[in-house]
Each structure stands twice: as structure tokens, then as C-alpha cells.
Amino acid sequence: MKRLYSNELKEHIGEEVLIQGFLFQKRIMGNINFLLIRDKFGIVQCVVKDKDQIEILKDVMDESVLEITGNCVEEKRSSIGVEIHNPKVNIISKVKYPLNIEINKPIINANIDTILDNRAISLRSPLIRSVFNIQAQMAKAFREFADKNGSKEIFIPTIVGSATEGGSELFEIKYYDKKAYLGQSGQLYKQMMVGVFERVYAISHSYRAEKFGTSRHTSEFIQYEFEMGFIKDYMDVINFGIDIIRYIKDSVEKENIEDLKIINKELPLIPKNIPIMKLKEAQDLIFEKENIDHRGEKDLSPEDEKLISKIIKDLYKSDLVVITHYPTSKRPFYTMPDPQNPEETLSFDFILRGLEILTGSQRIHEYEQLILAIEKKGLDPKNYEDYLEIFKYGMPHEGGFGMGFERLTQQFLSLSNIREATLFPRDVKRITP
Ligand code: 4AD
Ligand code: MG
């Protein structure tokens, strides 16, 4: 007999079927055992009345791998519409040890550290697994949209010779007899590749030695990297960013119906018109509406990000807001200054539900200007020779962004900690599992 998955059983009512999966829960009620069997799509209930079968199951513990044949019977109260009667159980792998963490409850009663210490098992919980089902769909949607819109997927090295985003949080590694670093961002490589493919993207690892264990930073994370050439200006990049986030949301809404039910959270509101404003305007708005005066600050603090999101949500029913024109002094060397006011840049952050999820900009595309910008940051153009090469020999107006892969999941699903959106998080204290 061919194995059927839980989501296929509805089509097989009245038939003898074969299922395989993990023993999610065993409930004993008098002379009846109820087995809940979990496969990759859902949970199947089996009703065991036969004495011999109950005997076989007596010392089988949670998460044992079972193969079951039985009658597929309609059961309206079950989430999958059926249950299995008269099951015959074959034990594929018998668990003999109790779990360190209870995963078969609607809410996991453990703190984040316990959940992460027991990661391989906690991930089996339908609640936690759903996060990563959705994350996988988000990545698929990102690729789909980028592909449909004329971008080429590229693969970027993460062992590098120099910093891109400023030096302080660089991981240094021993590289034969030299020093090397773990890449903070695919920045320089995606820019170089604009000179080749014009429009590129990558889903690529980034590393930063973040010294503090915040709920939004890890040492290893993934970025949705995107870069496009032949733009009119930075607004082309902003619009692409908004469109791709909206596409990802629509895709999850369509493809992850069951997961969203399990997680029981609303996806963010991404209306047709997304508010876009300068940093200064955002600070004015925070002052006007909340009477908190951060005017003149060179960046939004985490508190400001929350405030501006709240204000925008009230005014425009949008969970997303785009902030532009961060000061030149606070942005990396490759960022294009605003020709109208070189103290400001044609850069932007996307704030989703109170957290920065994306940073991007128009880039400097002229060789001489780029060398000056590198020097102005106190860096040595010699360390960027290979990168500079592509600008020496012709680059169009271009721009792009890096979007936090885990942060986007975190904010889509209103998770309180980025680690809940990371399969195996690394931070200042954690490098296992
Ligand atoms: O804002 P960041 O540092 O920008 C860059 O890396 C640029 N190269 C982007 C560009 O194309 N101009 O990082 C981009 C995004 C952030 O908005 C955030 O979502 C995420 O990456 N991020 C982190 N996520 C988890 N842990 C960390 N330590 C992160 N640092 C940045
Ligand atoms: Mg940023």
C-alpha cells in the first residue's frame, strides 16, 4: 500500500489506508487508546480498541515513529475531516526516553532558552514548525517575484577581505597565513553583479559580532539581497521593495492557510499607498503626536521606530512605513548623497510594525566620487580595488536593499524574539545546537 499524508485522507473515506508519522500524543481513556500521529502536513487521530494493539502500544513513548494501517472514517469534528479506526500498528522506531520539552500542547510552556536548547525537538511542535513553513514560503515568494521581474539569482561569498558596513562588528577569521572576515552583507558583490546582469538578488548569510543579546539581533542572519541598475532614482528601489513585501504577504496568505490558523496571528497591513517620509519629517511627527523630541538625532532609536509605526498605523492603517534621507555621516560609503543636500543620503529604511526590516539606497555609481567617499569615511581605497574596478569601466545609476530574512518573519508573525524566527540562532552566548 502507498503511504498517504494526513491532508490526502479526506479523499479516501471508506478505504483501508496506510499512514506513517510520529506519535504526537497517546490518550488512554478506559479501554480505548487515541493516537495522534503527526506527519509533515498535520495530525491524524487513530482510535484503538483492539486489546492486542493496546498491548503493543503500552510502552511506546511520544515521538516514536509508527506505521499504521486502518479504516479511514469520516469525522466532522476532526480538523482533517477523518479519523482512522481499527488501526494496526507497526513500530518503525521506538522512543524509550521522555522528552525534555513538551511539544504537544497548543502553547509551549517553556522559555526561549529551553526551546532553543532542545531545538531539534521543539521544532517538531506544530506551532513552531508553522513559523518555518511560512518562512520557506516567504523565501519562495521572494524568488518568484524577483525572477518574474527580470532579476538573476546570484551566490555570494561570505569569506571576505574587508568590511562593508563599518568595522566594529566584524568577525575576524584566520585564513591560512592571512586575516579574513565573515561578510557583514553581500553589498559589494551584488553591486559588482549589476555590472553583469543589471538586476540581481540573493538569499545570503551575513555575520556580525553583535555584542548585546537583543530580541532583534543575532550574530548570523540571512538577508534578502537585491540590487538593480538603470534606475531613474532611489524611488524605483523603494517601490520594488514595497511590491515584493506585498507579494510575499499575498503568497503566504494563499499558501499557508493551515499554518496561519495554528499560529493564530494577523499578517501585517500593507495598503496600496505606503507612507514615505524623510527622517526629519518622522522626527517632527513623533514630536507633534507623542511630545517626544528626538529632532536632530541622526537615526531612529528602537523606541522611535515603535512610535512612528504606531502613529502611521493610526493615521494610514499601514503596518509599513518608509523613512528616507538618513545623514551621510551615518550611512556606509557606497550610499549616494542627495544632490540637493549632500549632508543627507538617498537612503531608506523600511519599518514594519515598529522594527527596521530593510535598509537600502541609491548607490554612488561614479568611480571618482566613490573613491572620495571611501576616503571620507577614513577607509583605504586600496582595500576596495576589485570592487572599484567595475565602476571604473562603466556603471549605470543603481540601487538596492538588504532585507532581514528572520526579521521579516518575526514581524509578519508578531514574534517577540528574532530567535523564534531562526532555525538555529547564533548570538553572543549561543553557538549550539
Ligand atoms: O541595515 P543593514 O546593516 O544594511 C546592510 O547590510 C546593507 N548592505 C543593505 C543595503 O543593501 N544597503 O542590514 C540589512 C538588514 C537590516 O535592515 C535588518 O533587517 C537585518 O539586515 N539585520 C539583522 N538581522 C538580524 N541580526 C542582525 N544582527 C542584523 N543586522 C541587520
Ligand atoms: Mg540598517
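The values are calculated or read from the model by the stated rules, or taken from the named source; none is laboratory data. Only a predicted model underlies this, so the values are computations on that prediction, with no experimental measurement involved. Don't worry about glycine lacking a Cβ; one is built from the backbone with ideal geometry, like all the others, and counts go over all protein chains shown. Calculation scope for accessible area: heavy atoms of the full protein, side chains included, ligands and nucleic acids excluded. Shrake-Rupley method; radii C 1.70, N 1.55, O 1.52, S 1.80 Å.
Laid out as a table, the results:
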{"read-out": "Loop-located chymotrypsin sites (Phe, Trp or Tyr not before Pro) in region 356-433 whose Cβ has at most 14 other Cβ within 10 Å (DSSP)", "value": "Y393"}
{"read-out": "Built amide H within the under 5 Å cut-off of H397, gap 5+", "value": "F230, I231"}
{"read-out": "R27 paired with D299, simple spin-label distance in nm, labels 7 Å along Cα-to-beta-carbon", "value": "5.1"}
{"read-out": "Relative contact order (percent, whole number), the chain, Cα cutoff 8 Å, 6+ residue spacing", "value": "13"}
{"read-out": "Calculated FRET efficiency for the pair S168/F230, C-beta based, R₀ 35 Å, to 0.05", "value": "0.55"}
{"read-out": "Förster radius 35 Å - calculated FRET efficiency between K289 and F212 (Cβ-Cβ, nearest 0.05)", "value": "0.75"}
{"read-out": "Segments 96-102, 231-237 sorted - mean Cβ within 10 Å per residue, highest first", "value": "231-237, 96-102"}
{"read-out": "Global form of region 392-433, assessed from the alpha-carbon gyration tensor, a/c cut-off 1.5", "value": "oblate"}
{"read-out": "Accessible carbon and sulfur surface of region 120-421 relative to its total accessible area, %, 1.4 Å", "value": "50"}
{"read-out": "Of K10/K105; K51/K96; K232/K272; K289/K313; K105/K261, those spanning more than 19 Å from alpha-carbon to alpha-carbon", "value": "K10/K105; K51/K96; K232/K272"}
{"read-out": "C-alpha center-to-center spacing [region 367-417, region 51-111] in angstrom", "value": "51"}
{"read-out": "Qualifying GluC sites (Glu not before Pro) for region 135-213 [loop in DSSP, other Cβ within 10 Å: at most 10]", "value": "none"}
{"read-out": "Karplus 3J(HN,Hα) series, Hz, for region 30-42 with 6.51 cos²θ - 1.76 cosθ + 1.60 (x for Gly, Pro)", "value": "x, 9, 10, 10, 10, 10, 9, 10, 9, 10, 5, 9, x"}
{"read-out": "In degrees, nearest ten, helix 126-148 long axis to first principal axis of the chain (Cα)", "value": "50"}
{"read-out": "Spin-label model distance (nm) - K179 vs K306, 7 Å beyond Cα toward Cβ", "value": "3.8"}
{"read-out": "For the chain: accessible area per residue (Å², 1.4 Å)", "value": "51"}
{"read-out": "Other-chain or far-sequence residues with amide H under 5 Å of S64's (modelled H)", "value": "L23, V95"}
{"read-out": "Residues of region 162-206 with amide N under 14 Å of the 7 Å Cα→Cβ point at E389", "value": "189, 192-193, 195-196"}
{"read-out": "Loop GluC sites (Glu not before Pro), region 226-279, which have at most 13 other Cβ atoms in a 10 Å radius of their Cβ (DSSP)", "value": "E266"}
{"read-out": "Protein accessible area in region 5-64, 1.4 Å probe - carbon and sulfur %", "value": "51"}
{"read-out": "Between 0 and 90°, nearest 10: helix 279-290 axis offset from the chain longest Cα axis", "value": "60"}
{"read-out": "When region 343-410 is reduced to its Cα atoms, the Kirkwood hydrodynamic radius in Å", "value": "13.9"}
{"read-out": "Computed helical MRE - 222 nm, the chain, DSSP H runs ≥ 4 contributing -39500 (n - 2.57), nearest 500", "value": "-9500 deg cm²/dmol"}
{"read-out": "Estimated FRET transfer efficiency (K51, I431; beta-carbon r; R0 56 Å; 0.05)", "value": "0.65"}
